[in-house]
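Encoded as structure tokens, the structure appears first; notes follow it.
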Amino acid sequence: MTVTGGEVKFKALMKWLKPAFGYLLAGAGLVWVLYDIQYEKLLGYLSNINWWWIAAAVFCDVLSYLCQGLRWRLLLQPVARISTLHTTQAIYAGLFTNEVLPMRLGELVRTSLVARWAGAKFLSIIPSILVERLIDGVWLAVLFGLTAIFVPLPEMLLKAGDTVGIAVVIATVIFLSLVRFRPIQKGGWNWKPLRMTISLIDRLADGLRGLGFTRPFYLAFLLSSALLFLQGLAFWLVMVGYGLHKSFWIGIAVFLIVHLGTLIPNAPGNVGSYQFFCVLGLSLFGVEKTRATGFSLVVFILLSLPLLLIGFVALSRSGTTLLTIRREINRF
């Protein structure tokens, strides 16, 4: 089948439009956040930061990624034997990629690294990441419920929580179906794209069946609660260090707003969208815009900087480069 010049141009345009749209959203978010704030008051808030609370926040944030590395090692056991150090290194390399490149390519980077280190196939690693996302969704829904008990949440956040809950139920049903039921029979399908899609689903389902409801799965499920708690705690500790003495559950509510708002891939590091949803969340709990803007900048920089430094070291010591990984990914 030949590819026309129009198709090539269309693909090139779409390749350019996707990151451009992300940068546009980032720019719009930053303009809104920085518009009409009092810079003298902002400098005053920044000068009164308590760095002991910030150090505790950074410690909790780093510890959360160590938990994620251990969780991933547990979920990888059916297909790959790899150390927690290597899974954590791959996670940080992926996070660094997300900070410097648009469209969340970090997920592919960490998958490629672990596949290479463990001598496994790229597609065999993907089921563990899908299960990660399912478990994260379950605990996110639980956290929504707990927060709603302690804090009167805005209606928009309650609706978002309901949406997360529905999505988790649907994903759980699909997961159980793939784990419990027999593979789809590929015979009789003549249309090549459909046949290839069914083959891919079967390969992913085989990986999910390997995970099943094993002891590592349950341990990973419990560990995920600690991971989400530590990330929320780190966010709240930065609030305290900045001088925003709101309750822990208000901090978690704002954390959830930021977390949901930045799920859609956009500019590198979620610049712009992170600040926008942070200010929006704080404003819902009575924090004036200048103070909220200062916090959005502080929490973003202070929690991103360790990630960038550790991620840079993790990727540089991986024995590969972003260009090499991208070429490997393009082969799949």
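Quick note: the coordinates plus some simple rules give every number you see, no bench work behind them. Note that this is a predicted model, so its numbers are computed, not measured.
Values computed for the structure shown
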quantity: Region 117-125 - phi-based ³J(HN,Hα) in whole Hz, Karplus 6.51/-1.76/1.60, Gly and Pro as x; calculated: 5, 8, x, 10, 7, 4, 5, 6, 7
quantity: Under Karplus coefficients 6.51, -1.76 and 1.60, residue-wise ³J(HN,Hα) of region 126-131 in Hz, glycine/proline x; calculated: 4, x, 5, 6, 4, 5
quantity: Derived scalar couplings ³J(HN,Hα) [region 140-146; Karplus, 6.51 cos²θ - 1.76 cosθ + 1.60; whole Hz; x for Gly, Pro]; calculated: 5, 5, 4, 5, 4, x, 5
